[in-house]
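To start, the structure under review is shown below, and the notes come after it.
The values are calculated or read from the model by the stated rules, or taken from the named source; none is laboratory data. The model shown is predicted, which means the values in this text are computed figures rather than measured ones. Here the Cβ positions follow ideal geometry from the backbone for every residue, glycine too, while neighbour counts run over all protein chains shown.
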């Protein structure tokens, strides 16, 4: 994940913290767990008591390391952006292992633009349920246009209220269960990206905007909703 | 016969640290005692750390020499200066070039990504 900007403007605050383990750059770290030697790693489903986003890796001569147990060795440090209103940009991926987001194909044309119907073989948009999420086209007459999903059915159909232009069989589109304000995200195993293939649940965050492009370059802009120095639940 | 002096029993109460106090205790102390600023910053550069320097120290650092780049979208950050160990609200931040795009998204990046995507869609549509 990437630090993008501050919601309220102003300047970011960077602090160097002692770390409990070799965290990667660009992941959320949490308040030190009991018995840990420094800030703790977030998980794929929890950002509880988050401190911020790491801005550099832990490396030792180019290699990631864990903390040293050798007597009198220096502690490992990482820089963290600690502003509670820091906006985090997270890539949308299609699996825990960071596969590309599913590209769906229109199988039945919709003249009135109120439904988008997929092709047999596409994942059923009602399971995992994409209802109240977002559908957007990446090709065809609607290329670049997006709408909020208001219902889904097991017949590969998502419904919208504000109609798209008429689509054609073969147009490519994507669906996710996120729209502006959606709470909670599930992260990929490496904690770097957000899974768009499953329903919104998990780590404490709010979507404040979406950058919708293609299967490999669409992003969520997130605010941490359980931050140690901000809203702390 | 002298009277025995009565002393109050000592009551030990374990202090309950807050999460903020625990986190504050995890903050790195900065430059070790006895190290020169240049040697400490050089070590941080070798570990690809973000370098933050106050207005008095920043001119002593040559980012290009260490494959670093100055953060330009945020010309100032609030941080503890790695040179003089002083918290300053007008520090400059320097990122290791290799990791910069892993952790930062700038307006230029977003513009380039959007332009590339629109160009790809136009090509597919034959416009």
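Could you go through the range B:53-62 and let me know if any residue there is touching a residue at least 12 places away in the same chain (Cβ under 8 Å) and within 13 Å of the chain's Cα centre (by Cα). Lay out the reasoning, then the answer.
Initially, the range B:53-62 is screened for residues touching a residue at least 12 places away in the same chain (Cβ under 8 Å), giving B:53-58, B:60-61.
Cutting the leftovers down to within 13 Å of the chain's Cα centre (by Cα) gives us B:53-54.
Yes, that holds for at least one residue.
Every residue in the range A:1-23 that is touching a residue at least 60 places away in the same chain (Cβ under 8 Å) and crowded, with 17+ Cβ neighbours inside 10 Å, please.
Hits for the range A:1-23 are A:1, A:2, A:3, A:4, A:5, A:6, A:12, A:13, A:14, A:15, A:16, A:17.
Please enumerate the residues belonging to the range B:29-45 that are at pLDDT below 85 and either facing another protein chain (nearest Cβ under 8 Å) or closer than 18 Å to residue A:58 by Cβ (or both).
Across the range B:29-45, the qualifying residues are B:29, B:30, B:32.
Checking residue B:79 against (1) modelled with pLDDT of 95 or more; (2) out of contact with any strand residue (DSSP E or B) (no Cβ under 8 Å at 6 or more places or on another chain); (3) at the interface with chain A (Cβ under 7 Å from one of its Cβ atoms), which test does it fail?
Every listed condition holds for residue B:79 apart from (2).
Since residue B:48 meets every condition but one in (1) at pLDDT 85 or above; (2) surrounded by fewer than 15 Cβ atoms within 10 Å (Cβ to Cβ); (3) part of a loop (DSSP other than H, G, I, E, B), which condition does it not meet?
(2)
For a quick check of your reading of the model, give me the residue pairs whose first member lies in the range A:172-195 and is at positive phi and in contact (Cβ under 8 Å) with a residue 12 or more places away in the chain, whose second is crowded, with 18+ Cβ neighbours inside 10 Å and in a strand (DSSP E or B), with beta-carbon atoms closer than 8 Å and at least 6 apart or on different chains.
These pairs meet every condition: A:181/A:207; A:184/A:203; A:184/A:204; A:184/A:205; A:191/A:28; A:191/A:41.
Among the candidates B:105, B:39, which residue alone is more than 16 Å from the chain's Cα centre (by Cα) and under 17 Å from residue A:77 (Cβ atoms)?
B:39
Please find, within the range A:24-37, the residue that is farthest from the other protein chains (Cβ to nearest Cβ) out of those that are farther than 18 Å from residue B:50 by Cα and surrounded by fewer than 22 Cβ atoms within 10 Å (Cβ to Cβ).
A:35
Does the range B:77-88 contain at least one residue that is free of Cβ contacts under 8 Å to residues at least 12 places away in the same chain and under 13 Å from the mean Cα position of the chain (by Cα)?
Within the range B:77-88, one or more residues are free of Cβ contacts under 8 Å to residues at least 12 places away in the same chain and under 13 Å from the mean Cα position of the chain (by Cα).
Pick out, from the range A:164-229, the strands (runs of 3 or more DSSP E) lying fully within it that include 3 or more residues that are within 14 Å of chain B (Cβ to nearest Cβ) and out of contact with any helix residue (DSSP H, G or I) (no Cβ under 6 Å at 6 or more places or on another chain).
Hits in the range A:164-229: A:172-176, A:203-211, A:219-224.
Of the residues A:115, A:105, A:134, which single one is over 21 Å from residue A:191 (Cα atoms), within 14 Å of chain B (Cβ to nearest Cβ), out of contact with any helix residue (DSSP H, G or I) (no Cβ under 6 Å at 6 or more places or on another chain) and modelled with pLDDT of 95 or more?
Values: A:115 fails: within 14 Å of chain B (Cβ to nearest Cβ); A:134 fails: within 14 Å of chain B (Cβ to nearest Cβ).
On inspection, the qualifying residue turns out to be A:105.
Right, residue B:36: over 20 Å from residue A:22 (Cα atoms) and crowded, with 19+ Cβ neighbours inside 10 Å or not? Let's see the steps before the verdict.
Numbers: over 20 Å from residue A:22 (Cα atoms): yes; crowded, with 19+ Cβ neighbours inside 10 Å: no.
Against the criterion (over 20 Å from residue A:22 (Cα atoms) and crowded, with 19+ Cβ neighbours inside 10 Å), residue B:36 does not qualify.
What are the residues in the range B:96-118 that are in a helix (DSSP H, G or I), facing chain A (nearest Cβ under 9 Å) and touching a residue at least 12 places away in the same chain (Cβ under 8 Å), if any?
Correct list: B:99, B:107.
Counting only residues that are part of a strand (DSSP E or B) and surrounded by fewer than 17 Cβ atoms within 10 Å (Cβ to Cβ), which one in the range A:106-121 is farthest from the chain's Cα centre (by Cα)?
A:108
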